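First comes the structure, then the notes that go with it.
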Amino acid sequence: MKQFLLVFLGGGLGSGMRFLLSKTFNNTFHNFFLGTFIVNIIGCLLIGFIIGLSFKNNLLSSNQTLLLTTGFCGGFTTFSTFALEQHSFLKTGDIVNFAGYTLASLIIGVLAVAAGFWFSK
C-alpha cells in the first residue's frame, strides 16, 4: 500500500506539472506542441538521471526511485518510460525489438486514437 501511495503522490505531482508546462508553452508556436515536446524531453532527462543515480551509488532508496520514476515521471509523461525501455533495447543491441516496438507504438498508438474518435461518433 505504501508503494501505491508513493506512485499516486508522484503521479499527481507529475500530471500537475505537465498541465502547467503544456498550458504555458503549447500555444507558443503555430502547429507545434512545444509544451508537450518540452515535457517529453525533460521527462526523458529526469528518468535517465534518476535511474542513473539509483544504480550508480545507491543514492536513492527503492521507494524514492519509485516515487520519482513510476510516480512523478510516469505522471509527467509516459514518453519517458517508453524512451527508457527503448534505451534498454539499444543497450543490449536488440535492434529488432527496438525498431518493432518503436514502429508498433507509433503506428498502433495513432490508429488507436483515430479508432477512439471513430467509436465516439
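The values are calculated or read from the model by the stated rules, or taken from the named source; none is laboratory data. Just so you know, these numbers come straight off a predicted model, no measurement behind them. Every residue, glycine as well, gets a Cβ built from its backbone with ideal geometry; the counts of neighbours run over all protein chains shown. The protein model used for the area step is the full one, side chains on, heavy atoms only, and it has no ligands, DNA or RNA in it. Shrake-Rupley method; radii C 1.70, N 1.55, O 1.52, S 1.80 Å.
Numbers for the structure displayed
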read-out	value
Solvent-accessible area per residue for the chain (1.4 angstrom probe, square angstrom)	71
Dimensions in Å of segment 1-97 - Rg and Dmax from alpha carbons	14.7, 44
Heavy-atom SASA rank of 62, 22, 15, 80 (probe 1.4 Å, accessible area, largest first)	62, 15, 22, 80
Linear extension gain, residue 57 paired with residue 24, 0.36 nm per residue minus alpha-carbon span	8.3 nm
Counted charge near residue 36, where neighbours are those whose Cβ lies closer than 14 Å (Asp, Glu -1; Lys, Arg +1)	+2
Carbon/sulfur fraction of accessible area - the chain, other protein chains in place, 1.4 Å, %	74
